[in-house]
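The values are calculated or read from the model by the stated rules, or taken from the named source; none is laboratory data. This is a predicted model, so every value here is computed, not measured. Please note: Cβ atoms are built from the backbone with ideal geometry, for glycine as well, and neighbour counts cover all protein chains shown.
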Amino acid sequence: MKLFKNKNTAPLLSSPYMAWALIFILVPLGMVIYYGFTTEDGFFTFENIATIAKPGYMKALIRSIRLALISTLVCLLLAYPLGMILSSMKLTRNTYIVTLFILPMWMNFLLRTLTWMTLLEGKGVINTVLESLHLPTINIINTPSAIVLGMVYNFLPFMILPIYNSLSKIDENVINAARDLGADSLQTFLKITFPLSLPGVLSGITMVFIPALTTFAISSMLGGSKILLIGNIIEQEFTQLYDWHLGSGLSIVLMIFIFINMIIEALSGNHGGK
Amino acid sequence: MKKKFLSIFLSLTTLSTLISGCGVKNSASYPNGKLYVYNWGEYIDEEVIKEFEDETGIDVIYDMFETNEIMFAKLAQDTSAYDVICPSDYMIQKLIENDMIQELNFDNIPNIVNIGDQYFESSKDFDPENKYSVPYCWGTVGILYNKTMVDETVDSWDILWDSKYSGQILMQDSVRDAFMVALLKNGFSMNTKDASEIDIATDDLIAQKPLVQAYVVDQVRDKMIGGEAALGVIYSGEAIYTARENPDLEYVVPKEGTNVWIDSWVITKGSKNVENAEKWIDFMCRGDIALRNFEYITYSTPNTVAQDNIEDDAIRNSKVAFPDLDKINTESYQYLGIETDRLYNDAWMEVKSADY
Amino acid sequence: MRKVLERLYLGLLLIFMYAPIITLIVLSFNSSKSRAKWGGFTLEWYVNLLSDEAVAGALINTLSIAVLATIISTIIGTISCIAMIGLNTRLRSFIMSITNIPMINADIVTGISLMLLFRFLHISSGFTTILLAHITFNIPFVMLSVMPRIKNMNVYVYEAALDLGAAPLYAFYKTVLPDLWPGIVSGALMAFTMSLDDFIITYFTKGSGFETLSTLIYNEVKRGIQPEIYALSAIIFVVVLTLLMLVYRVPAKKNKD
């Protein structure tokens, strides 16, 4: 291709972004790694990273992974049927409905979570309604269930979009061919639809799992600060305890998980957006 | 599509300029520079800030923090981020020891005569020569309870461990206040450096966790008013306000004792607007201003002029707002040094991440 | 039967998504300050909103950062995408994998890393630092949405235009840009959305006395939320709903043609 007459034009054009990426992506990450591996006096240490093995920290990490996995699973179970329903609809209507599911994202993320607080509180909206109907009240605020609910609510669109995209790209002729060859609905789904939608599923999983694993706002709002996640600990190290080294060390631990996720995503050969 | 997008973009920008037209302050009306103030949440009558701005021509940028620790972490990053701050006793000591605040020039703060001598006397615990700080508010820490939900007399920290009130207890989400409760319950000093005593307190706090509804700071007030919980650990200053909003609420200082705290104005080392900061402190010491703040936030004022002018007799003579400190067993937080700080922080971390 | 079940499922999920938003809008008309009690209908919060400097300031900050970050990241992102055509494959994939970092990385790590950088460079945090941070995490969205268009672009038209004597910039404007435009627009929209909704990265890169809507709300959650915030969100929701309806009217019409 010959878009550029001059050989140097392309490197020249890309240089502002390369400089930007260097200064604002690579150098900052390098600094996290530097802080994570040093003491306050600037000596090399593994201690910050090893702190994750201490009971309190380990507990928080395991709890974060557990809640993130549950949330991801719930999102997947909710989003997949939805994706199938949407992709089977007429084109004009489904874009409209997909938009309806994306629309709440335009509301501030904290406001949406705050509203769940209002809904779930002991004397909140849901319980007031239940009480007036003489039904038993629910009591899930400040429990892990409330946090999972908050995660599912906030991250569900991240799961819906990629799954819907991959499902709607499936050529209907392939499915019809399978049917013609005698496959029943379940077989068609297992052998054709699901494998073809796998890239979307995987990218949805990443897009839900990572923010769920690392959140601190949802857990502190819906968990009453009783349920500490790894994100809360890192946030505290920076905003309350003023231990940047430990905070960076724990961030490196988080990055390892993200890295594993990246590899899984790369192996699936999918380059979906967030 | 192109045109539509452009028009949306334009409408958004017009919207923002429209709003900015009515909202943003005109810098020309503040000829005397800026002042960055860092104070506790809900700790001033906001009208007072406006009045200060109008009177002095200084543009006040007002930020709020939730705990002393959050304030410290922010300031440690950059001591010039704020000019004047309002930390508590032990934190002032920590700031002095870390060389993060500066000595005050009291010639520029003439209204300081309004502050009662005994408060400067108490301040000597953390500011030995009264060189760094000017008292703003003081009080105790106690239990606020809802009379419709608690039948017995509340007079001990022990009640916060009573399983009858499971899910009805609000604890403070700040390390020193939470440990104060557990240490005093066991008869230890709230300033203990003894690791074994801290361990016992830690175990107690973990044992208490299943009963705790939430660890909160400023939210205690609204949750108690709304009847969301039966018992909450709270600062005395909230007692008058909460009782006014919900007459079922009552504040007590447990018999084991409590922390008597003072929050004082200090000027940061890196302050770029020292003169304005002094004007601010002086303004806060003015009798009428202190009175207005007191009436708004209902935290006990050390300002004698303000104390004398409180209109409501009940409040002026209130034992909650102005307790007889001789009658209760009191102590104040001290800064315990880096090592012990770490001990407390690790223990608190253990409490917060414990399963329940 | 199946249709009914599908409808029902769709409806339930939509209720789940919209229940909080409807609650919020209802609360914005609630005269009681408490979130749990209904105290009667009022427009007080909407009236107060007009004179609330803190909220107005935060709204302006949020909008101006989102608009500026969107414009700048769209320009940088688009230019680099175009430049990539002239680069060899290895360099191109290297750049793209760096570009992926802020997208895949946890927001909290990105926020912290940028905070460390700004402290190290002694850039005092505030408008500039938030803007730089937002541009950084916005560029990938733009590039990922423009890149597929670049791959499918027909360069021969551009060359033909040059052969016919068009100046390079003019030829670019007339042939390349229209090809890329849908990608640029959707990238910009994505960037704008992300910028508006961001809390974590802003939280770590903001300085004293500077609030965006997100950080303002987070503070208020801890202190007790002011009902004016509900009123503001109701307004934002209605505005966004209207805007999106306008945007989606266009492709819908095209499909009919």
Report task. Quickly run through the stretch A:82-96 and pick out the residues that are within 7 Å of another protein chain (Cβ to nearest Cβ) and without any contact (Cβ under 8 Å) to a residue 24 or more places away in the chain. Result -> A:85, A:91, A:92, A:95, A:96
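On the given criteria, is residue A:52 more than 9 Å from chain C (Cβ to nearest Cβ), assigned to a helix (DSSP H, G or I) and farther than 30 Å from residue C:14 by Cα? Spell out how you get there, then give the answer.
Details: more than 9 Å from chain C (Cβ to nearest Cβ): yes; assigned to a helix (DSSP H, G or I): yes; farther than 30 Å from residue C:14 by Cα: yes.
Taking the combined requirement at face value, the residue satisfies it.
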Report task. Kindly list the number of the only condition in (1) surrounded by 22 or more Cβ atoms within 10 Å (Cβ to Cβ); (2) without any contact (Cβ under 8 Å) to a residue 12 or more places away in the chain; (3) over 28 Å from residue A:64 (Cβ atoms) that fails for residue C:84. Result -> (2)
Requested in this report: State whether the residues of the stretch A:211-226 include one that is over 19 Å from residue A:155 (Cα atoms), at the interface with chain B (Cβ under 9 Å from one of its Cβ atoms) and without any contact (Cβ under 8 Å) to a residue 24 or more places away in the chain.
Outcome: yes
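Looking at B:246, B:309 in this structure, which one is more than 30 Å from residue B:351 (Cα to Cα), surrounded by fewer than 23 Cβ atoms within 10 Å (Cβ to Cβ) and within 14 Å of chain A (Cβ to nearest Cβ)?
Working: B:309 fails: within 14 Å of chain A (Cβ to nearest Cβ).
Residue meeting the stated conditions: B:246.
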Query raised in the report: residue A:262 fails exactly one of the following numbered conditions: (1) more than 22 Å from residue C:214 (Cβ to Cβ); (2) more than 9 Å from every other protein chain (Cβ to nearest Cβ); (3) within 15 Å of the chain's Cα centre (by Cα); (4) surrounded by 16 or more Cβ atoms within 10 Å (Cβ to Cβ). What is the number of that condition?
Result: (2)
Query raised in the report: Residues in the stretch C:104-131 that are under 21 Å from residue C:77 (Cβ atoms), facing another protein chain (nearest Cβ under 9 Å) and without any contact (Cβ under 8 Å) to a residue 24 or more places away in the chain: how many?
Result: 4
Query raised in the report: Within the stretch A:180-200, is even one residue buried (at least 24 other Cβ atoms within 10 Å of the Cβ) and part of a loop (DSSP other than H, G, I, E, B)?
Result: no
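Only one of C:217, C:229, C:225 is in contact with a Leu (Cβ under 8 Å, 6 or more places away or on another chain), farther than 17 Å from residue C:71 by Cα and not in a helix (DSSP H, G or I). Can you tell me which? Let's see the steps before the verdict.
Working: C:217 fails: not in a helix (DSSP H, G or I); C:229 fails: not in a helix (DSSP H, G or I).
Only one candidate qualifies: C:225.
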Query - Filtered residues of the stretch A:9-41 (kept if more than 9 Å from every other protein chain (Cβ to nearest Cβ) and modelled with pLDDT under 95) - result: A:19, A:39, A:40, A:41
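Return yes or no: is residue B:315 more than 19 Å from the chain's Cα centre (by Cα) and assigned to a loop (DSSP other than H, G, I, E, B)?
Working: more than 19 Å from the chain's Cα centre (by Cα): yes; assigned to a loop (DSSP other than H, G, I, E, B): no.
Taking the combined requirement at face value, the residue does not satisfy it.
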Report summary line: Sole miss for residue C:163 among (1) closer than 25 Å to residue C:30 by Cβ; (2) more than 10 Å from chain B (Cβ to nearest Cβ); (3) over 17 Å from the mean Cα position of the chain (by Cα) is condition (1)
Report summary line: Listed by first then second residue, the pairs whose first member lies in the stretch B:332-356 and is closer than 19 Å to residue B:90 by Cα and in contact (Cβ under 8 Å) with a residue 12 or more places away in the chain, whose partner is in a loop (DSSP other than H, G, I, E, B) and of a type in the set (Lys, Arg), with beta carbons under 7 Å and at least 6 positions apart or on separate chains, are B:336/B:193; B:340/B:193
Query raised in the report: Is there a residue being assigned to a loop (DSSP other than H, G, I, E, B), without any contact (Cβ under 8 Å) to a residue 40 or more places away in the chain and more than 14 Å from chain B (Cβ to nearest Cβ) anywhere in the stretch C:171-184?
Result: no
Query raised in the report: If residue A:58 satisfies every condition in (1) more than 7 Å from every other protein chain (Cβ to nearest Cβ); (2) closer than 26 Å to residue C:24 by Cβ but one, which is the exception?
Result: (2)
Query raised in the report: With respect to the numbered conditions (1) more than 9 Å from chain C (Cβ to nearest Cβ); (2) among the hydrophobic types (A, V, I, L, M, F, W, C); (3) surrounded by 14 or more Cβ atoms within 10 Å (Cβ to Cβ), which one is the sole condition not fulfilled by residue A:125?
Result: (1)
Report summary line: With criteria (1) under 15 Å from residue A:76 (Cβ atoms); (2) touching a residue at least 60 places away in the same chain (Cβ under 8 Å), residue A:157 comes up short on (2)
Requested in this report: List the number of the failed condition for residue B:157; all other conditions in (1) under 29 Å from residue B:243 (Cβ atoms); (2) buried (at least 21 other Cβ atoms within 10 Å of the Cβ); (3) in contact with a strand residue (DSSP E or B) (Cβ under 7 Å, 6 or more places away or on another chain) hold.
Outcome: (3)
Requested in this report: With respect to residue B:96, determine if the residue is surrounded by 16 or more Cβ atoms within 10 Å (Cβ to Cβ), touching a residue at least 12 places away in the same chain (Cβ under 8 Å), out of contact with any strand residue (DSSP E or B) (no Cβ under 7 Å at 6 or more places or on another chain) and more than 14 Å from chain C (Cβ to nearest Cβ).
Outcome: yes
Query raised in the report: Within the stretch C:74-103, which residues are at the interface with chain A (Cβ under 8 Å from one of its Cβ atoms) and of a type in the set (A, V, I, L, M, F, W, C)?
Result: C:76, C:79, C:82, C:83, C:84, C:85, C:87, C:95, C:98, C:101, C:103
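Answer yes if at least one residue in the stretch C:139-148 is surrounded by fewer than 24 Cβ atoms within 10 Å (Cβ to Cβ), more than 8 Å from chain A (Cβ to nearest Cβ) and either at positive phi or assigned to a helix (DSSP H, G or I) (or both), and no otherwise. Write out each step before concluding.
Quick first cut of the stretch C:139-148, residues surrounded by fewer than 24 Cβ atoms within 10 Å (Cβ to Cβ) only: C:144, C:147-148.
Restricting the remaining residues to those that are more than 8 Å from chain A (Cβ to nearest Cβ) gives C:147-148.
If we keep only those that are either at positive phi or assigned to a helix (DSSP H, G or I) (or both) as well, we get C:147-148.
Taking every residue of the stretch C:139-148 in turn, at least one turns out to be surrounded by fewer than 24 Cβ atoms within 10 Å (Cβ to Cβ), more than 8 Å from chain A (Cβ to nearest Cβ) and either at positive phi or assigned to a helix (DSSP H, G or I) (or both).
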Requested in this report: Filter the stretch B:79-130 for residues that are in contact with a Leu (Cβ under 8 Å, 6 or more places away or on another chain) and either of a type in the set (Asp, Glu) or under 11 Å from residue B:267 (Cα atoms) (or both) and give the result.
Outcome: B:82, B:83, B:84, B:85, B:87, B:95, B:100, B:101
Report summary line: By residue number, the members of the stretch C:28-49 that are modelled with pLDDT of 85 or more and within 14 Å of chain B (Cβ to nearest Cβ) are C:30, C:46, C:47, C:48, C:49
Query raised in the report: Is it the case that residue B:78 is of a type in the set (Asp, Glu), over 15 Å from the mean Cα position of the chain (by Cα) and more than 14 Å from chain A (Cβ to nearest Cβ)?
Result: no
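Scanning the stretch C:15-25 for residues that are out of contact with any Pro (no Cβ under 9 Å at 6 or more places or on another chain), without any contact (Cβ under 8 Å) to a residue 24 or more places away in the chain and surrounded by 14 or more Cβ atoms within 10 Å (Cβ to Cβ), which turns out nearest to residue C:217 (Cα to Cα)?
If we filter the stretch C:15-25 for residues that are out of contact with any Pro (no Cβ under 9 Å at 6 or more places or on another chain), which is where we start, we get C:15-16, C:19, C:22-25.
Remaining after also requiring without any contact (Cβ under 8 Å) to a residue 24 or more places away in the chain: C:15-16, C:19, C:22-23.
If we keep only those that are surrounded by 14 or more Cβ atoms within 10 Å (Cβ to Cβ) too, we end up with C:16, C:19, C:23.
On the way: C:16: 22, C:19: 20, C:23: 17 Å.
Result: C:23.
For (1) in contact with a Phe, Trp or Tyr (Cβ under 7 Å, 6 or more places away or on another chain); (2) under 26 Å from residue A:202 (Cα atoms), each residue gets a yes or a no:
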{"residue": "A:76", "(1), (2)": "no, yes"}
{"residue": "A:89", "(1), (2)": "no, yes"}
{"residue": "A:115", "(1), (2)": "no, no"}
{"residue": "A:131", "(1), (2)": "no, no"}
{"residue": "A:144", "(1), (2)": "no, yes"}
{"residue": "A:153", "(1), (2)": "yes, yes"}
